[in-house]
Amino acid sequence: MSSRIVTLPRLNTVNNFNFFFKNTKKNLHIDQNFIANPFLSLHRRNTIAARKGRVIPTSINSLHNVKNSQSSQHNSILEDVATKVLNCQEPEAPSSQKTNTNHIPFKVVPKGATKSNATAVSANALPSTKSELKTLINPYIKLTKPNLTVLVTLSSICSYAISPYSVSLIELIYLTMGTAMCSGAANAINMGREPEFDKKMPRTVGRPVVRGLITPQQAYNFAAVTGSIGCTMLWFGVNPTVSILGFTNIVLYAWLYTSLKRKSIINTWVGAIVGAIPPLMGWAASSPLSHPGAWCLAGLLYAWQFPHFNALSHNIAEQYKSAGYVMTAAENPKLNARVALRYSILMFPLCIGLSYCGITDWIFPIDSAIANGWLTYLAFQFWRQQQKNYSSGSKPTAEGLALAGVHAKKLFWCSVWHLPAVLILAMLHKKGQWDRWFSYIGLKTSDETTLRS
Ligand SMILES: CC(C)=CCC/C(C)=C/CC/C(C)=C/COP(=O)(O)OP(=O)(O)O
C-alpha cells in the first residue's frame, strides 16, 4: 500500500478533541460527561505536549478501529480512544505505551515538516516564542469577552461620530482604547465571579476561568490593571466625565448586574443601563450630556438590548435556570416576549427624537423605520406566539414552544443586524454631514451657495 503524508497543524487539545469528535460523532453515541471531564483535567498536559509539536498517531489508529466496531462495544472503545487522544501519547514513549501504528496507510507529521525530516521535527521541535506568547495571551483576550468589547467600543465610537461638536483623531484613539480597556476590565471581573455558574452552561463552559487557565484572582488583577489604565486614558486623553462614566460602568456591570443575575429578573434592566453608558461616553467625549440627542442615542442602545437579549435567552432559558441565573425568559416567558416587543416599538420615537433635536436629518426616521419595522415585526410574531402559548391557562404545546423558539431565533439575528444598521444610518444622516464632505472635496452645497449669494 502506498504511503500518504497527512500534515496536521500543531496539535492542541481542542484540535485533537474536534478531530476526534468530528470523526466519531456520526457513528457513536457520545457521553457528554465523559467528554467534558477528561478534557478539563488533562488540559494542561495536552497544552504542553501540543506546544512541543508532538503528534498523536493513536487517534487515527483508534478511530479507524472504532469506526469498524460493533455498537455494543462503542462506549468502552470510545473511552479508550478519547483517553489516548486526550493524553497526547508521545512518539518516544516506552514501547509498552506505544500503540501499534503499522497498519495506518499514511504518516502523520506536524505542520511544516517534510517527509524526510518528519521524525527530526517531531523530536527536536522547540516551543516557539510566538506560540508560547499566544498560549499565554489568548486566555486573557477571552477574559475581556472580545466580541462584546468590540460592540461596546463601536457603540461609543459611533456616538462620538454622531455627536454634534468637534472631533479629533487623538481624542478618538484615547476614547477607543480607554473604553475597550474599561469594558475588558468589567468583563474580567464578571468572569472571575461566575466560574461556578458558567461551568454549568454549554455557552460559557469554555471560558478561561472555568477551564482553570486563569484563576479568579488573576482575573481580578488583570481587571485592576486594565481598568486603571483605561480610566486614566479616558481622564487625561478625553475628559474626566468620560472617565467617571467608564469607572461607574465597571462597578455597575461587575458588581450590581453580576450579583443581580442570580437574584432577580431586574438584572436585565440594569444590564441595559450598562449597555447604554458607552454611547454616553462617546457623546460626552466632545459634546455636553445636557443635549437631548445624547439621551436619544443612549435610549436606543438601552431599548435595543431587550429584543436582543430576551430573544437570545428565550432559547437557553432552561440552561440559565439550571445554572442558577434568574432570567425573565425562564421566570416569566410571556413578560419576556412582551418586553422585547415593547422596546422594539420604542425604537421608532427614539429615531424620530434624534431628528427632532437636530442631530440627524429628517430622512433618518424614514430609512431607520425599515430596520425598526423589521425588528418590531419579528418581535410581534414572537410575542403573539407566546400569547397563544400561555393564554389558555394550560401548558403550552410542544409545537407552540417550538414556534416561539423559531421566532426568538429570527428576532435575535435581526437584532444583530439592526443595531449596526441604525447606527450607520444615523452617522450617514448626521445633520450637515454631507455639507462637510462636499466642502472637503471642494464642492459647494446648495446651503453654502445660498449663504454666499
Ligand atoms: C465601558 C464599560 C465598562 C463598558 C461595559 C460594557 C459591558 C460589559 C456591557 C455588558 C452588557 C451586558 C448586560 C451583557 C450581558 O452580560 P452577561 O454577564 O449576562 O453575559 P454572559 O452570560 O455572557 O456572561
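The values are calculated or read from the model by the stated rules, or taken from the named source; none is laboratory data. The model shown is predicted, which means the values in this text are computed figures rather than measured ones. Glycine gets a Cβ as well: all are built from the backbone with ideal geometry, and neighbour counts include every protein chain shown. In case anyone asks, the SASA skips ligands and DNA or RNA and just uses the protein heavy atoms, side chains included. Shrake-Rupley method; radii C 1.70, N 1.55, O 1.52, S 1.80 Å.
Here are the numbers for this structure:
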{"quantity": "Order by protection proxy (mean Cβ within 10 Å, highest first), peptides 214-224, 335-345", "calculated": "335-345, 214-224"}
{"quantity": "Protection-proxy order for peptides 382-390, 162-170, each taking the mean of Cβ atoms within 10 Å per residue, highest first", "calculated": "382-390, 162-170"}
{"quantity": "Along each principal axis, Cα extent of segment 152-196, largest first, Å", "calculated": "46, 17, 10"}
{"quantity": "Percent breakdown of C-alpha pair distances by 5 Å bin, ordered from the shortest bin, for segment 178-287", "calculated": "2, 13, 21, 21, 19, 13, 7, 3, 1"}
{"quantity": "Where segment 333-441 is the region considered: accessible area per residue in Å², 1.4 Å probe", "calculated": "53 Å²"}
{"quantity": "Packing-based ranking, highest mean first, of 307-315, 131-139, 373-381 given that Cβ atoms within 10 Å are counted", "calculated": "307-315, 373-381, 131-139"}
{"quantity": "Carbon/sulfur fraction of accessible area - segment 233-292, other protein chains in place, 1.4 Å, %", "calculated": "76 percent"}
{"quantity": "Rounded accessible area of Ile316 (nearest 10 Å², 1.4 Å probe)", "calculated": "30 Å²"}
{"quantity": "Accessible heavy-atom area order of Ile265, Ile229, highest first, probe of 1.4 Å", "calculated": "Ile229, Ile265"}
{"quantity": "Accessible carbon and sulfur surface of segment 296-424 relative to its total accessible area, %, 1.4 Å", "calculated": "67 percent"}
{"quantity": "For Thr360, distant residues with modelled amide H under 5 Å away", "calculated": "Ser355, Lys431"}
{"quantity": "At R0 = 35 Å, FRET efficiency that the Cβ-Cβ distance of Leu136 and Gln433 yields, to 0.05", "calculated": "0.20"}
{"quantity": "Accessible area per residue in Å² at 1.4 Å probe, computed on segment 274-314", "calculated": "23 Å²"}
{"quantity": "Segment 226-267: projected area of the alpha-carbon convex hull, averaged over directions, in nm²", "calculated": "3.0 nm²"}
{"quantity": "HN-Hα J in Hz across segment 192-209 - Karplus 6.51, -1.76, 1.60, θ = phi - 60°, x for Gly and Pro", "calculated": "x, 8, 10, x, 4, 9, 4, 5, 8, 10, x, 5, 10, 5, x, 5, x, 6"}
{"quantity": "At q = 0.10, 0.15, 0.21 Å⁻¹, base-10 log of I(q)/I(0) for segment 251-365 (Debye sum, equal scatterers on each alpha carbon)", "calculated": "-0.35, -0.71, -1.09"}
{"quantity": "Stretch gain in nm, segment Val251-Ser228, where the contour uses 0.36 nm per residue and the Cα spacing is subtracted", "calculated": "7.0 nm"}
{"quantity": "Cα gyration tensor, segment 137-178 - rounded (a/c under 1.5), prolate or oblate", "calculated": "oblate"}
{"quantity": "Residue-normalised accessible area of segment 139-232, given per residue in Å² at a 1.4 Å probe", "calculated": "44 Å²"}
